[in-house]
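Structure record follows, encoded as structure tokens.
Rule-based calculations on the coordinates, nothing more; no lab input. Note that the structure is predicted; figures quoted are calculated from it, not measured. Neighbour counts are summed over all protein chains in view; Cβ atoms, including those assigned to glycine, are modelled from backbone coordinates with ideal geometry.
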């Protein structure tokens, strides 16, 4: 399962999927099944032109952060100290 399994929606319209579904599908479709917040933004923008072109990008990015922090299906994983970069990884909880 990856973001390509979700239809792109109508041009210029927000996809009809809940943000939790979009995030979960992006994470599951990633090579290591974990993504940083910025990688999530990039994956979503790449798949859905709405998010790439919308005037208020901060609004949907706030929605991503809100969903990640409230839904128990998403877990924050520390980045290994040997790995360059900043931020945590987001993964799907094992029981999901």
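Side notes on the structure shown:
- Packing, as the average of other Cβ atoms within 10 Å across residues, places the peptides 47-54, 74-81 in the order 47-54, 74-81, highest first.
- Whole-number D in µm² s⁻¹ for the chain, Kirkwood Cα-pair radius fed into Stokes-Einstein, 37 °C, 0.692 mPa s: 238 µm²/s
- Between 0 and 90 degrees, the angle of helix 19-28 with respect to the longest Cα principal axis of the chain falls at about 50 degrees.
- Only Cα pairs under 8 Å and 6+ residues apart enter the sum, and on that basis the relative contact order of the chain stands at 31 percent.
- To the nearest ten degrees, helix 37-47 and the longest principal axis of the Cα atoms of the chain are 30 degrees apart.
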